[in-house]
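Only the coordinates and a few stated rules stand behind these numbers; no lab work does. Quick caveat: nothing in here was measured; it's all calculated off a predicted structure. We place every Cβ from the backbone using ideal geometry, glycine too, and count neighbours over all the protein chains shown.
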Amino acid sequence: MKNDPKKLLRYTPSERANHWLTAITFILLALTGLPLFHPFFYPLTLLFGGGIWTRIIHPFFGILMVISFGIMSFHFRQLNTMTPADWQWMRHLRELANGDERNMPESGKFNGGQKLLFRLLVLFMALLLLSGIVIWRAYFSFLFPVWVVRLSAVVHAAAATVIIGLIMFHIYMAIWMRESMDAMLYGRVRRAWAKQHHSAWFRQVISGGK
Amino acid sequence: MTNHWVDIKNADVIIVMGGNAAEAHPCGFKWVTEAKAHNSATFIVIDPRFTRSAAVADLYCPLRTGTDIAFLGGVINYLLAHNKIQLEYVKAYTNASFIVKDGYKFDSGLFSGYDDAKRSYDKSTWAYELGPDGYAKVDETMQHPRCVLQLLKKHYSRYTPEAVSNICGTPKDIFLKVCGHIATTSAPNRTLTFMYALGWTQHTVGSQMIRTAAMVQLLLGNVGMAGGGVNALRGHSNIQGLTDLGLLSNLLPGYMSLPSETETDYKKYIAARAFKPLRPGQMSFWQNYEKFHVSLMKSWFGDAATKENNWCFDWLPKLDKVYDVLQAFELMHQGKLNGYFCQGFNPLASIPNKAKLIDGLSKLKYLVIIDPLATETSCFWEDHGEYNNVDPSKIQTEVFRLPSTCFAEENGSLTNSGRWMQWHYQGAPPPGDAKPDAQIMAGIFLKLRDLYRKEGGAFPDPILNITWGYRIPHAPSPEELAMEYNGKALADLADPTDKPKIIKKKGQQLDTFLQLRDDGSTSCGCWIFAGAWTEKGNMMARRDNSDPSGLGITLKWAFTWPANRHILYNRASCDPSGKPWDPNRKVIYWDGSKWTGADVPDFKPDIAPGNQMGPFIMQPEGVGRLFALDKMAEGPFPEHYEPFETPIDTNPLHPAVINNPAARVFKDDRGDFGTSKDFPYAATSYRVAEHFHFWTKHTRISSILQPQQFVEIGEELAKEKGIKAGDMVKVWSKRGFIKAVAVVTKRFKPLQVNGKTVHHVGIPIHWGFKGIAKNGYLANTLTPFVGDANTQTPEFKSFLVNIEKA
Amino acid sequence: MQVTRRQFFKVCAVGIGTSSVAALGFSTDALADVRPYKLAASSETRNTCPYCSVSCGLIMHSLGDKAKNAHPSIFHIEGDPDHPVSRGTLCPKGAGLVDFIHSPNRLKYPEYRAPGSKEWQRISWDEAFTRIAQLMKADRDKNFIAKNSAGAAVNRWLTTGFLAASASSNESGYITHKVVRSTGILAFDNQARV
Amino acid sequence: MALQSLDITRRSGTTTPSPAQRKTMEVAKLIDVSKCIGCKACQAACMEWNDTRDKIGTNHGVLDNPMDLTENSWTVMRYSEVETSRGLEWLIRKDGCMHCAKPGCLKACPAPGAIVQYSNGIVDFQEENCIGCGYCITGCPFNIPRLSKKDSKVYKCTLCSDRVAVGLEPACAKTCPTGAIVFGTKEDMMHHAQGRVADLKSRGFTSAGIYDPKGVDGTHVFYVLQHADTPGIYSGLPKAPSISGMVSIWKGVFKPVASFALALGAFGAFFHYVIKGPNEVSKENEKEFEDEK
C-alpha cells in the first residue's frame, strides 16, 4: 500500500510537486540545451518541433526551472546547512559506495552528500541563470559586450555539463538507494528505510517531532 | 568639357576645384583614380571643405569660398614669374603677342569704360589694335608694353603668394606646393586637367573663375591635349543637351543667339555673328552662321521661311534684355508675369531666396507643372507648417500638374558632359496616365494652334506655320524629332567643289553641318547635332566601345558633337609643325597630306602645318584668348571680386570696389543682403554623394543613405557656439532660416583672412517638404538673389549666415 | 517497488528510443543553396542614368518577356559594363534608380488646383490641355508686344515664362524650344544656370 | 527541395565532412580604402540587389547612415577623420562580412547547415536552417551578423553568392565608381593589392599594407590600408582578429570533453550498479519493521 499510514511522511504533496516540476523542466532543458551544444544531440530538437522552437522554449523552460528550483531551495534552505556531523558523514563515502552503511554517521532528513549536492545545484543554477540571460539573444545579449557574451556561453555550457552530471548522480542515487524514489513519488517511506538511511530524522519523526 | 570623362585618365596632374566630382559625379571620378593608379597622376583638391574628393587626394588645399580668382590669379603670377609657361604654345596658340588698343586700362578694381549708373561697361577699349589691313597687330617678341602677355604680367603681379594667402586664407606653403605641381605641366609632355562644376559657376564672378582656369591652361599649353583642358562637369543628365539646344532666354539651338530689338535688320543680325577673321588665314568658323541659321528656320517654319521674308526673321521674338530665371522671378515678384511653366524643374528649391519665390508664384494667374514627381514648386500653395508656412486660401494661382514619364519609360538621347549623345530605350510603360514631355508639349501646342485657327488673335503666324509633320500629331516620336534636328536636304545638294555631283538627294538625312546651306535647301534643327541621325541611321545608338589608341577615344560609341570629335581644339595637341607635343598622346597628327589620328581633327583636314591657320578655329583670330576682348561683362582679365555677402567686408585688392561691378543684381534685393556684423560666417551650399538634387528624397534607397537634413561646421566653431554633433541647429541669413542637424567635423578648418578668422558653414541642399526622406527646409531659404554678370547664375556658393543651437 | 523500478527503466528506454527514432528520421535538408539568380530570364533594356552628366550606361531588367500579355515593370537596374565611361559602375544614386521609378511620389494623373483651394482634383488630359491653352491664349492676346516703343517689330510675349527641364531628352528639348519660340516667349530658361 | 548548388568546405552544426571533392576557384573581394570616396554606392547596390531596404532613419551628427550594420544593411561605410603626420586624413572603410577562411560564426553555429562555407571561400547563411540563437554573433571576430527582429534569422553579406554562383561579380564590386572594390580570384586580388601597396608607398604611405588577417587563416574580403600598422584607426578594425579563445573552448575542445565526461559518468553509474548492486534496507531493519511489508 503506497500510503500506508504506518509509513513516515517524508515529502508533502506540494514539496513533491515542486520537485517534479523542477525535475521535468530540468530534463526539458537538458533535451533542448544539448542540441544547441553539440550537433550530435541536434536531432533532439525534433522532440520540440525543430531547432527554432527548441531555441525559443529553452530559455523559458529555464525561467520556469529557476522559479521552481528557487522555491524549492528556499523551502529546504535550513535543512541543508552543513554540520560537522555532515562533514564526518562525507568521510565515509567510500564505505557507502561499497554498500556498507554500518559505520555511517547518523544523518538527518538530508545527509551530507545531499546537502552538498543541494549547494552545488544552487551555485550552478545561479551560474546558468546569469549566463543564460546574457546569451539569450532575443532579449538580452545586445545589452552586453561581446566578450561577456562569449564568456557566458562558455560558463553556460560548463555549468550545464556539471549540473547534468550532478543530476545524473542524483538520479542514480535515487535508483541505487532502493525505495528512495518512493519518498519523492508517493511522499512516504518505510520506517526501516528511514532508520537505515536517515536515523536521526527517523528518531525525530518517531518521537513526535515533525 | 573641352575633353571628356575617360580622357581624365591621361592627365598627370588633376585639380578638382569649384566642384566635388567624387560626390557629384562618382562614376566619372573613377578616371581620376585611374590616372592615379595607372598614370602616376598627382591629384589635388582645392576647396573650402575637405570633401570626399579630398579623401583620396594627394594634396588638399583649403581656400575661402568665392576667392578662386585670387587663387588662380596667384597661379598665373607664379607661372609667369618663374617662367613656367609652355612658351612655344603660348606664342603660337594664344593671343599673348596681340597688341591691345590704347586706352585699355585697369585701375583700382575697375576696367576702362565703366558706367556706374548702368552697372555695365563700354567695352570699346577692350579690343586689339587693328592694322590698316583690318587684322589685329601682333608683336612676336611679346615685349610690346600693350601686348597681351605684358598686360597679363602687370595685371597679375598684384597676386603675390602673400596676397593670395591673405585673401583666400590658404597657408602660403600649401599654395606654393600647388603652384609647384601645376608648374610641372608646362612641360610639353605633361598635362593638367581642371575639373569644375557649380562650385565655380554659382558665384557672381563664376564665369571669370572658369576663365582664369582656362588662362592657366593656355599658359601651360594644356588645351587641346589629351589629359588636359577645362572640364565642366555638368550637373544634370541632359543639361549639356538642353544648353546645346539653346533653351535659354537669348539663345537659339547650337549656340546661335536671338536678335536684340536693335537688330531688326536681318543682314546686320547675320553680319554681327558671322565673324570675319582677325588674322590672316584663319578659319573663323562662325562665318558660316547664316547656313546654320537658315537651316534652323527651315526646320521650324518649313515652306513659310523664304528668302523673301528673310527666313521668317520677324517671327523671332526680339530681346530688350535677358529674361533669365532670376529676371523671371523678379517680374513675378513685381506682378508682371501671369503664367509660368515648369517642365522637370523645381524652381522653388533651385532659385535663391525662397520667400521671394513664394511671393512671386502666389501672384501668378496660372502655373503649369510638367514633372514625374510631386515637386515643392507644384505644392508651393500647400501649408506645410514650419517648412512652408502659407495660407492656401489667399493664393489665387491656378495650378496644373501634368505627370511626365521618367527616363525608363521613353526613348531618346541625352548629351553628357563630354558632349556624347547617347540613345536610350523605353523599358516599361509609365505609371497611370503619365505622358512623355514631347507629347505634353504637343498636346498643349495643338490646342493652342486650334484656338488660333478658330479665333485668330495676336500675331498667330508663327504658331500656325510651325512645321508639324509628325506621323501622329499629338505624339511626335523621339526618332522623328532626332531626324529633324539632325537635318536633311530639302533639294538635291550639289558638291560645291564638283558641281554636277549630287552629294545628297532631296529628303536624305545630312551627315555633317558642313553640308548645310544658306539658300534654304537644307533644314537642320541644331547644327552642332548634325551627324547624329544620318542615312546610316541613329548614330547616337552605336555601341562599339573599341578604343584603338588606348587614349579613351571611342569614336564608334554613340555620337559626340561636334562631328564626333572627342577633344576640342585638338589641333593644339601638335606643335606648329604638326608633330604631337607629346608622342605618347598622339590625338591627331599630320600624315603628310591630311590631319588624321585617334580623334576627329578639330581643324580643316587639308590645311598643312606651317599655314597661318590657328587651332582655335571658332575664333576670328584663330588662337586662345588670354585677353577676352569684349566677351565678358566685367573685364577682359578676371579680377578678384568678393562675394556680395563677404565675411571680410572689404576687398583687400581695392577696397573701393568690393564686388563684381557688373553682376546681376536687382535694386530691391540689395536690402536683403547681410553683413558680417550680423552674419559672421561664410556659408556655401552643395550636394552630397548620396543624393541628387531634389529628386532622390523621393526614392527610398537614397533616403535611407542620408535621411535627414544637416549642416556641417568645423570643430572650432562648434566649440565656440556650444554645438555638439547631432544637435539641432538654426542657421539664418538675412532672408530666412533653416533648422537642421549639426555635423561637427575636422573637415572645416577656420581660415585666417585679411587679419580675421573666417569659419565656414556647409549647407547641403537636398531636403524639402515633399518626399519620403525626413522633411526639411529648402536650403534656398538662405541664399541671396544675385547672379553672375555673364550667365546670371545665382551666388549659391558664397553667402553669410549666423548659427546657433536650436 | 520492483515494479516501480522496472517502470522507471521503461521510461528511460522509451525516452532514449524516441530520441533515436528522431535521429534516424532526421530530415536531410539541402546541403546548401544560394538564392536563385533573379535575372535569369528577365527582359533587358539599355538606358542612360538620368541624374548627373556622366551619363552612365544602364541595363534595366523588367518583369516578363515583353509578350503581349505580360506587363513589364522594372525590378532591377545595374550598370552597363560596355559603357566606356561608367564600365558597369553606378553611384549611390544610380544604384538606387529602381526606387526612383517606383517612388510613391510619382505623378500618375493630370491634376488641377483651383484658386484658393486646399486640394488637388484629378482632371483629364483633354481638360488640362484645353484650359491651359485658353489661359495662354488669353494672356498672349492681351499682352503680346508686336512693336516696341521705337516701332521695331519685336513680336515678343513677356507675361508668360517657361522653365525647361534639365533631364529630358534632346528630342523633348528640341520640340519644347520650337513650341516656346513660336509663341514669342522670352522668359525661357533651363537648369543650366542653377 | 533545393539542390546543392555549390561545393562545400564546411557546414555548421555538422561533425562529419561535407561533400567537398570538387574544388572551385577561390574568390575574393578586395577593398582598397585608399581609393574609397565613401559614396555609399556599395550600400545602395547591396540593398537593391538583395531586395532589402533599411528604415529611413535620422542624422546622428555624422555622415554614416545607417549607423550600423543591420539585417537590411549588410554593408555600411564607416567614416573616421584622423589627424596623421600627413595632416587630416578621412579614412572611409566599407564594413561588412570578411568571409573568413576560418569563420567564427560557422564554428559557433549549432544549427546544421545554417552556415556554410563554399569551396570558393564564400561564407553563406542559409536562413531556412537558421534557428535564431545568435551564436554566430558571439562567434564572429568582426561583429558582423545581425539578428532580424522580424523573423529571428541572422543576416549578413552573402558576397552575392547568387551572382558568384552564375559567374558574376558581387553587386557592390560591380557598382563601385572608383574601383575601390575589386573582385576576382584570391590570387589575382592579392597581386592587385600588392600593386596598390607599392603605389601607396611611392606616395609616402610608408606603412601601407594588406589586411588579410592570419588569425582567421585570411579572409575572402580583404583590405588595402594606407596605415596597415594601425588598423584600429579605420573605425576600430581589429588588429589581430581571430576566433575568440572563449568560443574556441566552447565550441572546440569542450564539446567532446563534456560529452565524453557525461557519458563516462553514466557508464560509471551503470557499472557501479552492476558490480555493487543496489543499496537495500538491511535485514535487521527489515526485521524491526516487519509489519510494513
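The Cα atoms of region B:128-182 cover 50, 21, 16 Å along the three principal axes, with the biggest extent listed first.
Within the listed set A:L166, A:L117, A:L93, the Gaussian network model of chain A (springs between alpha-carbon atoms below 10 Å) gives the highest mean-square fluctuation for A:L93. Expressed per residue, the C-alpha convex hull volume of region D:248-288 stands at 68 Å³.
Can you compute the charge dipole magnitude of region D:248-288 about its Cα centre, using +1 on each Lys and Arg Cβ and -1 on each Asp and Glu Cβ, nothing else charged? Give it in debye, rounded to the nearest 20. Spell out each step's value before the answer.
Numbers: 5 positive and 4 negative charges, 82 e Å.
Here region D:248-288 has a charge dipole of around 400 debye.
Over region C:43-101, the fraction of Cα-Cα pairs per 10 Å bin, rounded to whole percents and listed from the shortest bin up, is 26, 50, 21, 4.
For region A:58-152, what D do you get in µm² per second when you plug the Kirkwood radius from alpha-carbon pairs into Stokes-Einstein at 10 °C and 1.306 mPa s? It comes out at roughly 101 µm²/s. Per residue, the Cα convex hull of region B:285-424 amounts to 190 Å³.
At the listed q of 0.18 Å⁻¹, the Debye profile of region B:104-163, built from one uniform point per Cα, gives log10 I(q)/I(0) equal to -0.81. Here the Debye sum runs over all C-alpha atoms of region A:128-210 as equal scatterers in vacuum, and log10 of I(q)/I(0) at q = 0.11, 0.12, 0.24, 0.25 Å⁻¹ comes out as -0.55, -0.59, -1.06, -1.10. Both numbers refer to the Cα atoms of the protein assembly as shown; Rg and Dmax are 41.0, 151 Å.
Each principal axis of the Cα cloud of chain A was taken in turn, and the coordinate range along them, longest first, works out to 57, 36, 30 Å. The share of C-alpha pairs in region B:378-510 whose separation exceeds 17 Å stands at 75 percent. Only DSSP H runs of four or more residues enter the estimate; each adds -39500 (n - 2.57), and after division by the residues of chain B the mean residue ellipticity at 222 nm equals -6500 deg cm²/dmol. Under a Gaussian network description of chain D, with springs only between Cα atoms under 10 Å, the residue in D:L91, D:L264, D:L63 that fluctuates furthest is D:L264.
Here A:F169, B:F616 are placed in order of increasing Cβ neighbour count within 10 Å, fewest first, which gives A:F169, B:F616. Pairwise Cα separations in region B:447-486 fall into 5 Å bins from 0 onward with the following percentages, short to long: 5, 21, 24, 18, 16, 11, 4. Scanning chain D for DSSP H helices at least 18 Å long along the axis (C-alpha atoms) with a Kyte-Doolittle mean no lower than 0.5 picks out D:254-276.
Placing +1 on the Cβ of every Lys and Arg and -1 on the Cβ of every Asp and Glu, with no other charges, gives region B:108-224 a dipole of roughly 280 debye about its Cα centre. Debye-formula intensities of region B:664-805, expressed as log10 I(q)/I(0) at q = 0.09 Å⁻¹, are -0.28 (one equal scatterer per alpha-carbon, no solvent).
The residues A:R94, B:R158, B:R401, A:R119, when put in order of fewest to most other Cβ atoms within 10 Å, stand as A:R94, A:R119, B:R158, B:R401. Simple point charges give the picture: +1 on the Cβ of Lys and Arg, -1 on the Cβ of Asp and Glu, and for chain D a dipole about the Cα centre of about 880 debye.
Pairwise Cα separations in region D:8-243 fall into 10 Å bins from 0 onward with the following percentages, short to long: 8, 33, 38, 18, 4, 0.
For region C:136-186, dividing the convex hull volume of the Cα atoms by the residue count gives 80 Å³ per residue. Along the axis of the charge dipole computed for region B:565-713 (Cβ charges of +1 for Lys and Arg, -1 for Asp and Glu, origin at the Cα centre), the listed residues B:F694, B:F710, B:F644 are led at the positive end by B:F694.
Taking max minus min of the alpha-carbon positions on each principal axis, chain B gives extents of 83, 70, 53 Å, largest first. Looking at region B:1-97, what % of the alpha carbon pairs are farther apart than 18 Å? In whole percent, the long-distance tail amounts to 55. Pairwise inverse Cα distances across region C:53-138, averaged and inverted, put the Kirkwood hydrodynamic radius at 16.6 Å.
Given 25 °C and 0.890 mPa s, how large is the Stokes-Einstein diffusion coefficient of region C:101-194 in µm²/s, with Rh as the Kirkwood radius over Cα pairs? Walk me through the numbers before you get to the answer.
Values: Rh = 16.0 Å.
Estimated diffusion coefficient is 154 µm²/s.
For chain B, which longest stretch is free of loop sites, where a loop site is one of the GluC sites (Glu not before Pro) that DSSP puts outside H, G, I, E and B and that has at most 12 other Cβ atoms within 10 Å? Result, exposed sites excluded: B:536-806. What does the convex hull of the alpha-carbon atoms of region D:1-110 project to on average, in nm²? Taking the Cα atoms of region D:1-110, their convex hull projects to 10.7 nm² on average.
Sum up the charges of everything whose Cβ sits under 14 Å from the Cβ of D:V82, counting Lys and Arg as +1 and Asp and Glu as -1, but leave D:V82 out. Intermediate values should be presented prior to the final figure.
Values: positive: B:K746, B:R747, D:R78, D:R86, D:R93; negative: B:E715, D:E81, D:E83, D:E89, D:D229.
Once all neighbours under 14 Å are counted, the net charge is 0.
Computed over chain D with a Gaussian network model linking Cα atoms closer than 10 Å, the most mobile of D:V166, D:V116, D:V247 is D:V166.
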